[in-house]
Each structure stands twice: as structure tokens, then as C-alpha cells.
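One structure is given below, encoded as C-alpha cells.
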Amino acid sequence: MRKTLRLLFVEDAEDDALLVVRQLRRGHFDVEFQRVDTADALTGALDQQTWDMVISDHSMPRLNGTEALEIVKKSGHDIPFIFVSGTIGEDTAVAAMKAGAHDYVMKGNLKRLVPAVERELREAENRRQRKQSDEGLRYLAYHDVVTALPNYTFFSERLEQAILAAQHDQNQVALLIMKVNGFKEINEMLGQRMAEILLKQVGQRLREELDTAYTPACLQGNEFAALLPSLRDVDEASQAARAILKCLESPFILEGLKLGIQANFGIAYFPQHGKSAEFLIQRARVALSAAQKDHRDYAVYSPEQAQGGVDQLTLIHDLRRAIIESQLFLLYQPKVDLRGGRIVGAEALLRWKHSEFGLITPDRFIPLAERTGLIMPLTLWVLHEALHQCKVWNAENRHLTTAVNLSTWNLIAAELPDQIGGLLDSTKVTPSELTLEITESAIMVNPDLALRNVSRMKNMGLRFSIDDFGTGYSSLAYLSRFPIDEIKIDKSFVMNMTTKREDAVIVRSTIDLGHNLGVKVVAEGVEDRKTLDLLVELGCDAAQGYYFSRPLPAQELLVLLTESGGFLTDGTRTILSPKIDDLEEITCT
Ligand code: C2E
Ligand code: CA
Ligand code: CA
């Protein structure tokens, strides 16, 4: 089918335009065109309809070509712009291209016209598709995948804006956070798919109940939120909570199954309970926990609710300074090849030595960092540190692959591959010496984005490992769509494999399946000889665990490498220094 080409001419001579049209028709285009030769007429034509292409003369009495190009660019439409002129010289042509014209063709040599037009139409289509996919990515970055509601990023930006406006108008803002009661049980009993259908429907009811000015959002999983930007009176928030509860009252139908749900709310106010979005969200979460605990529909934040050891808010606040004040450090746990006992790698594990509370383990502060956007700088710090260490080992001729753990948000951050590329360049570490450990649950937050990022980094030469394997829901067959090199069987199976038959079966079948898919299998959490022997018998490739060594400071690992000659077991003998076994507890330097 011939395509109709909607052509806008900027041309003072009708005959010249017709010549071009004839040439294009000969080249199998159906051409519809309009001709203008003043700035106003050009602007008017651009506003009036969409054009596939602008063809412009260069020197005309009432408008010159450069001005015409400027007008088209300013219009914001991405329309290919080609000069067709008799007078244009080489220099002017080059200048025109630099100014943004897509091509120029001499009037005396119209042979070039059809291929140039075809090419520029193709390019414009490519640009359009790229733009569409960029917009798609932007959408994903700001929306929850399951409910299609605004996500944490979107919501906290809105909340930040509402706070600024309220500061200006001396107003109050209320923040509501809601969770479906017993959602975990629903998920376990009915499965993830049904649970997602439920979340979708809850999201839909919130959307119907709440005006968009309230920014109904899904912050994560089963955590919904709304904000009341300019509060008239404080009861308004509890009224909103009651209205939402009412709209959730009628049962949900999940593929024919009728399900009634209950929900709890936590409420926090600006300025009483916090002056930033992050603080308010945190405090509304604290209030929500209190409401859940006391089986109340909603609770308003009060400082007494924030118990449970160190106040999380204090920790978040301190974590920001931890990087700058060098309170963070890495320990390295050796990874041992089970065929020869050679130490082939080391996993970097993060520690925080808090000036007041002492040593804090990553299980406590990584989730905080994830929730507050601090995870990106934190991970970059870890990568930077670990790659420098890798370089030091290289210089000592100890070639170890260094493994770094990525968290959920790292995995879908579009900028991560470039950032890692930069770090690799500056440290001159070979990409294959860096393994990134990712978990299945992190992948599942957004498999498409994760795959895109992992593939990019895989192409850069990095290695990938699936951490905590066996704890999630997806099959290895699904995960093998990702270009992974290794899986790590979660320590919960490994630690019990000599006493629990089911765990031994899981370990055995994971090893076999891994090998069938051509990936290496690592067992983590090896704490005794018996487990090690069984893993060797099952053909597991490598192992990590307290039996070989606890995570050690880099310097201590070097000592271990030297003392052991780089081998921790020869299959019958294990070199294990008790001094090193206790090191983790005494490393807070
Ligand atoms: P993981 O990646 O599964 O790390 C293994 C954890 O098991 C480490 O705990 C390690 O100390 C511990 N472990 C090693 N061998 C044994 C053993 O034989 N028995 C037992 N019971 N445990 C063993 P750690 O260092 O407390 O780290 C906990 C989790 O924190 C890590 O789990 C990882 O998910 C996360 N994490 C640690 N460092 C980082 C980091 O730099 N970035 C991110 N995003 N997460 C990190
Ligand atoms: Ca890990
Ligand atoms: Ca693990």
C-alpha cells in the first residue's frame, strides 16, 4: 500500500514545490501538501495539523530557511526537515545540518530526494518508538506494576510538594497509610496470582473512592497510601479512613471466590509529626503498626508507638552520615571451590559501626536504606570499596572474584550499569572479576527492567549469581532466562541438609537442575564437616560458610590466603584457624 506523505513546503515558488512533489510521486509516495512562505503561515500550518516532513527552500524573499528551521524546532514537533535549494553552498549546508536540519538536496539533483525522504521517515519513526519506550520506562518508574497506582517515588514527590505548599500557606497535610489485614495469609493460602488480583481490585476501589488530588498510591506490596493536601480540620483524615474502609466493605470476587477483607490505617500530620515526606511516611507506618497491634481501624502517630529498640528514624538519619563519617566497612567471606579447596572468591558483606549503638548488621539497615532511597549511594560505596580491594588482591597476585550484593532498587536502576562501568574503568578491575549477587524477590519486583539491566551488565562482562535460591516461588527454569552464571542455595536448606531429608532433596535437585542449565552451584551456610562431605558427594561446585571462615576484614583474609596457601580444604583436610573463627565479633575497629 502506498503511504500518504503529508508534506509542508516552505517555498516561495509554487513551480519548485510541484517539481519536488512530482519527484516524490514518481518515487511511489502519495503526496498531500501545503505551501507557506512566511513565518506566520508556517506557525499556523504547524499548529493546524501533523506533518510527516518539512521541505524548505533556503533563500526566500520573506523568510529564510534557517528561520524556518528554528520555527519548526521551537514548535516542539519532531518533524524531519530537509532543505531543497538551488542556492545553498557547501558551508551553508553544513551550518544547516548543525542547526538541526536532517538533510539537504540540490534542486538540480533531485535524484537524492526519494532515498533521503525514505531514510528520514524511517529515522523519525525510530525516534518516535524510542520516545514511546522511554515514556513507558518513565511510567514504570513512577507506578506500581500490580495496581497501576502511583508508587513510592511518585507519592513521596507529591507529598514533598504538598508539604512545601502547606508551609507556604501555613496549612496542615495528613498522610494515610493502609494495609490489608492478614494479607500474608491470603497470599499463602490463595497464591500470589490471586493475591495480586485482590491488590488490583483494592487499588481500583481506592481510585474510585478518592479524588486524584488525594494521590491514592501503592507504596509497596500491600501498602497503600493517600494524602490530604490542605486539611480543613483534623477529623478529615479519620473521616477519609472511614470512607475508604466503607468502600472496601463489600466482598471482593477473585475468580469466583468471594473474599471479605479488613484494613488498618496509620495517620501522620505535617507539621506535627515530621517535616519531610520520608519522616511522615515512616511515622504513618509506625502508627499503622500500632493500629494493627491494637486491632483498631486507624491510629494517629504518637511518639510512644515508636518503640522496638533504636528508633528507626534515628537510624535513617544516622545512616546518611555513616558513609561520610566512615562508619561503614566491609567484611569478606571466602568462597571455596569444592573440587580442589581453592579459595576462588570472596563475598563482600557490609557492616555499620554506629558511634552509639555499636555494630549493626545489614539485615537491620539495608531494608531502611531500601525504603529511603539511600540504597543507591550505599551500594555504590560498597562497589567502590570492594573493587579497590579486588585491585589490591590482584596486585598481591591473589586473583579472587569479588561478589557484591545488589538490592531490589539497584537492580532496576537504569543508571547502575554505567556507574559500575565507571568504577571498573577507574579501578582497572576486569569485569569478570566482579560477581553481582541478586535475589529472585528483587527480580520479581520488575522482571523486565531487571532483565534489561542484567543483560546490559552481562554484556559488559560481569558475572551474576542468584542469591538465596530456593526461598522464592519461581522455578529455576524461569530464572534461567536471565544470563546467570551461578546460583547460591540458601543457607536455610544447607544448614539442615544432614538432618532433614526434605532439605537434602532440595539441595540435591537444585545442584542437578543447576548443572543441567549450565550454571555453577554454590552452597552457603556450610557450618560443619558432614555438610561439606555431602555437598562434595552431590557434586556441588563451591561453598561458603562458617566451617571455612566467617566474614573477615580484608587484611585478615589476606593472612588466611597466605597461611593456607590459598586452599581451605583438599577434600579430606580443612585448615581452620580458631583465631579467625572468632574474628567477626572483634572487627569493629
Ligand atoms: P546473604 O547475601 O545471604 O549473605 C550471607 C549471610 O550469611 C551473611 O550474613 C553471612 O555472614 C551469613 N553466613 C555466612 N556463612 C554462614 C554460616 O555458615 N552460617 C550462618 N548461620 N550464617 C552464615 P550478613 O553478613 O549478616 O548479611 C545478611 C544479608 O544482608 C546478606 O545475606 C545480604 O542479603 C545483605 N547484605 C550484606 N551486605 C550487603 C550489601 O553490601 N548490599 C546489600 N544490598 N545487601 C547486603
Ligand atoms: Ca549474598
Ligand atoms: Ca544468601
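The values are calculated or read from the model by the stated rules, or taken from the named source; none is laboratory data. Given the structure is predicted, the values throughout are model-derived calculations rather than measurements. FYI the Cβ positions are ideal-geometry reconstructions off the backbone, even for glycines, and counts take in every protein chain you see. Protein only, heavy atoms only, side chains kept; ligands, DNA and RNA dropped before computing areas. Shrake-Rupley method; radii C 1.70, N 1.55, O 1.52, S 1.80 Å.
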Response to the item:
With criteria (1) within 16 Å of ligand 3 (Cβ to nearest atom); (2) closer than 30 Å to Ser133 by Cα; (3) out of contact with any helix residue (DSSP H, G or I) (no Cβ under 6 Å at 6 or more places or on another chain); (4) open to solvent by 10 Å² or more (accessible area, probe 1.4 Å), Asp467 comes up short on (2)
Item to complete: Considering every residue within segment 465-473, establish whether at least one is farther than 21 Å from Ile366 by Cα, away from ligand 1 (no atom under 16 Å from the Cβ) and at pLDDT 95 or above.
Response: no
Fill in: Matching option when the condition is surrounded by fewer than 14 Cβ atoms within 10 Å (Cβ to Cβ) and either part of a helix (DSSP H, G or I) or in contact with a Lys or Arg (Cβ under 6 Å, 6 or more places away or on another chain) (or both), among Arg364, Arg321, Arg339, Arg371
Arg321
Response to the item:
Restricted to segment 511-535 and to residues being open to solvent by 30 Å² or more (accessible area, probe 1.4 Å), of a type in the set (Asp, Glu) and outside any helix (DSSP H, G or I), the residue farthest from ligand 3 (Cβ to nearest atom) is Asp528
Worksheet item: For Met497, all conditions in the list (1) over 24 Å from the mean Cα position of the chain (by Cα); (2) open to solvent by 20 Å² or more (accessible area, probe 1.4 Å) hold save one; what is the number of the exception?
Response: (2)
Worksheet item: Among the residues of segment 385-430 satisfying the criterion of being away from ligand 3 (no atom under 16 Å from the Cβ), within 30 Å of Ser276 (Cα to Cα) and open to solvent by 20 Å² or more (accessible area, probe 1.4 Å), which is farthest from the chain's Cα centre (by Cα)?
Response: Gln419
Item to complete: Only residues that are under 46 Å from the mean Cα position of the chain (by Cα) and assigned to a helix (DSSP H, G or I): list them for segment 41-57, please.
Response: Leu42, Thr43, Gly44, Ala45, Leu46, Asp47, Gln48
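Only residues that are part of a strand (DSSP E or B), charged (D, E, K, R) and away from ligand 2 (no atom under 16 Å from the Cβ): list them for segment 346-361, please.
Matches in segment 346-361: Lys353 only.
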Worksheet item: If a residue has to be touching a residue at least 12 places away in the same chain (Cβ under 8 Å) and part of a loop (DSSP other than H, G, I, E, B) to count, how many in segment 255-271 make the cut?
Response: 4
Worksheet item: Pick from segment 347-361 the residues that are buried (at least 16 other Cβ atoms within 10 Å of the Cβ) and away from ligand 1 (no atom under 11 Å from the Cβ): which of them is modelled with the lowest pLDDT?
Response: His354
Fill in: Matching residues, segment 536-561, being assigned to a helix (DSSP H, G or I), over 35 Å from the mean Cα position of the chain (by Cα) and buried (at least 20 other Cβ atoms within 10 Å of the Cβ)
Leu560
Worksheet item: Counting only residues that are within 16 Å of ligand 3 (Cβ to nearest atom), open to solvent by 30 Å² or more (accessible area, probe 1.4 Å) and either in contact with an Asp or Glu (Cβ under 8 Å, 6 or more places away or on another chain) or at pLDDT below 85 (or both), how many does segment 475-491 have?
Response: 1
Discussion item. If Asn496 meets every condition in (1) in a helix (DSSP H, G or I); (2) under 23 Å from Arg339 (Cα atoms); (3) not hydrophobic (A, V, I, L, M, F, W, C) apart from one, which number is that one?
Written reply: (1)
Worksheet item: Could you say which residue among Glu209, Glu188, Glu196 is within 24 Å of Ala299 (Cα to Cα), surrounded by fewer than 21 Cβ atoms within 10 Å (Cβ to Cβ) and among the charged types (D, E, K, R)?
Response: Glu209
Worksheet item: If you go through segment 431-440 one residue at a time, do you hit one that is away from ligand 2 (no atom under 15 Å from the Cβ), more than 19 Å from Phe464 (Cα to Cα) and open to solvent by 10 Å² or more (accessible area, probe 1.4 Å)?
Response: no
Practice prompt. Can you tell me which residue among Leu113, Leu137, Leu121, Leu69 is within 30 Å of Met444 (Cβ to Cβ), touching a residue at least 24 places away in the same chain (Cβ under 8 Å) and either open to solvent by 50 Å² or more (accessible area, probe 1.4 Å) or in a helix (DSSP H, G or I) (or both)?
Written response: Leu137
